[in-house]
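In what follows, a single structure is set out as structure tokens and then discussed.
The values are calculated or read from the model by the stated rules, or taken from the named source; none is laboratory data. Quick caveat: nothing in here was measured; it's all calculated off a predicted structure. Every residue, glycine among them, receives a Cβ derived from its backbone with ideal geometry; neighbour counts consider all protein chains shown.
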Amino acid sequence: MENGGVDDQLFEVTVGPPPKAATPSAVTAKTFRHYDPSQSFLLPPSLDDWLPEDHEARFISEAVEELLDLSVIYDSYATADGAPPYDPRMMLKLLLYSYSIGVTSSREMERRCVTDVAFRFLSANAAPDYRSMARFRRRHLGALDDLFTQVLVLCATAGLLKLGRVALDGTKLRASASRHKAMSYDHMRKKTEQLRAEVCEILAQAEATDREEDETFGADRRGDEVPAELARRETRLQKMREAMKAIEAEAKERAGAKEAKNAELIGANDEEIAQAVEQAKDKATPPAKAQRNFTDPESRIMKTADASFHYCYSGQAVVDEKSQVVLAGALTQQATDVDQLTPMIEAMDAQLVLAGIEDHPKVLLADAGYCSNDNLEALAGGNLDALVATGRLTHDERVTAAPKGRIPKNTTARQRMARRLRTKAGRADYARRKAIVEPVFGQMKLRQHAGLLRLRGLDGARGEWTLHLVCHNLRKLANAGGSAAIATA
């Protein structure tokens, strides 16, 4: 073969362990910064140095220490017994900051106090357990209304309120309840009879077993332990009975209210109205499909934004246009918004009075969900200028696209509102509704995870919704400059 062929080449085979991996210095002459995970600190580290100066946790700490009056919370410990509790300042800081960043689980709060610098900064390197966090949150739900008012005052002082246009809207908040832990009234009635029969059968079997054991082992042997199967069935039976009573009571109240309204319309006196109400309650029967959830009986089935049905509460909020600060909030069990217009206007007025704010909004905007003849007539007799979408009008309620001239004397409240909405000023005002209130719900659900409540029961859900509103307003205040904005206002 010619030179260069395979047969002419000489191969050297080396047998032994592979060479060690090359160190970075052997690969390149580049010098790296010193890195030693086991290096000790010469002086004790300060958590204050580890947190950026403009971090949100710093503002939360400053607000609790210097801007908020916590006397309502501290007064609740005046007669408290037991071991010394955690400092309320620390617990409130952790709670406000946690909800501000969407951490609503008390167990996750406990973990963050170990792994998160901001949490360790707020807790001064302590690590309160999740039970303490949960108890503190539940214990001080009543104090959140006072904190909401204080934060509203701070927002007004910082110049975040304009009180020109304000918008009212509602949003569905998922309750801590599963659809699989619910039952209709008709099914509960059938299931109750089945469980009652099963309980009687288990009791009969237990008595028979007791007699046999007495004969075998003697009468002194204990046999009064409740079988686990019996305890489970009796618990379920008790829950169903309570749920059925609640549904029946709700049906009676609804029938009584409806009959009272009908009696008032025909001019009945108080005695006749009371008699009609009692008769209506006696005849009232719950709908067969009326449901009650066993996990959170006070939640209600509602249609959510994704067109599905879940157990929810309805959160309400009135929002100022300038900085999207919430002026007032509420939480109800009602799936619709129509009955919340007047209560929310009253709640907004009350909050402004409590906050010492003398100005009043120039116009309030609300969508068609708040429109009813009663609401429109109440607005016509009130001092607040409001624009409420009327929805579709019937043929005899049509108005021109751009109304001009005097308003006819026989114009209804709905026609007057529809006419106002079609004016140039009305269109300009109402066009701002979505941009004012809907971003607030989006921010709270995305940033704070406010769309899913953790506390059960109406009181717990109301308190948690108020907590979310407080955190939202605090974030608006922090974004505007916090204490610096208040000092320079």
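Quick look at the numbers
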{"read-out": "From R420, R454, residue being touching a Gly at 6+ places or on another chain (Cβ under 7 Å), on the phi < 0 side of the Ramachandran plot and either surrounded by fewer than 16 Cβ atoms within 10 Å (Cβ to Cβ) or part of a helix (DSSP H, G or I) (or both)", "value": "R420"}
{"read-out": "The stretch 412-433 - residue that is in contact with a strand residue (DSSP E or B) (Cβ under 8 Å, 6 or more places away or on another chain) and of a type in the set (K, R) and, of those, nearest to H472 (Cα to Cα)", "value": "R433"}
{"read-out": "Residue within the stretch 73-81 that is at pLDDT below 95, in contact with a helix residue (DSSP H, G or I) (Cβ under 8 Å, 6 or more places away or on another chain) and buried (at least 16 other Cβ atoms within 10 Å of the Cβ) present", "value": "yes"}
{"read-out": "Selection from the stretch 351-364 of residues that are closer than 19 Å to L469 by Cβ and surrounded by 14 or more Cβ atoms within 10 Å (Cβ to Cβ)", "value": "Q351, L352, L354, A355, I357, P361, L364"}
{"read-out": "For M444: the one exception among (1) modelled with pLDDT of 90 or more; (2) surrounded by fewer than 21 Cβ atoms within 10 Å (Cβ to Cβ)", "value": "(2)"}
{"read-out": "Count of residues meeting criterion [charged (D, E, K, R) and under 13 Å from V318 (Cα atoms)] in the stretch 143-179", "value": "2"}
{"read-out": "Test: residue in the stretch 313-332 that is under 30 Å from L144 (Cβ atoms), at pLDDT 85 or above and surrounded by fewer than 18 Cβ atoms within 10 Å (Cβ to Cβ)", "value": "yes"}
{"read-out": "Residue within the stretch 97-105 that is on the phi > 0 side of the Ramachandran plot and either part of a loop (DSSP other than H, G, I, E, B) or in contact with a helix residue (DSSP H, G or I) (Cβ under 7 Å, 6 or more places away or on another chain) (or both) present", "value": "yes"}
{"read-out": "Condition met for P403 (surrounded by 13 or more Cβ atoms within 10 Å (Cβ to Cβ), at pLDDT below 85 and in the same structural domain as L364 (by TED's automatic domain parsing))", "value": "yes"}
{"read-out": "Leading residue by the ranking (modelled with the lowest pLDDT) among those in the stretch 269-293 that are buried (at least 16 other Cβ atoms within 10 Å of the Cβ) and assigned to a loop (DSSP other than H, G, I, E, B)", "value": "A290"}
{"read-out": "Residue match in the stretch 101-111 (condition: under 18 Å from the mean Cα position of the chain (by Cα) and closer than 25 Å to I486 by Cα)", "value": "yes"}
{"read-out": "Filter pass, L327 being more than 17 Å from the chain's Cα centre (by Cα) and either part of a strand (DSSP E or B) or free of Cβ contacts under 8 Å to residues at least 60 places away in the same chain (or both)", "value": "no"}
{"read-out": "Candidates D54, D48 - the one that is assigned to a helix (DSSP H, G or I) and at pLDDT 75 or above", "value": "D48"}
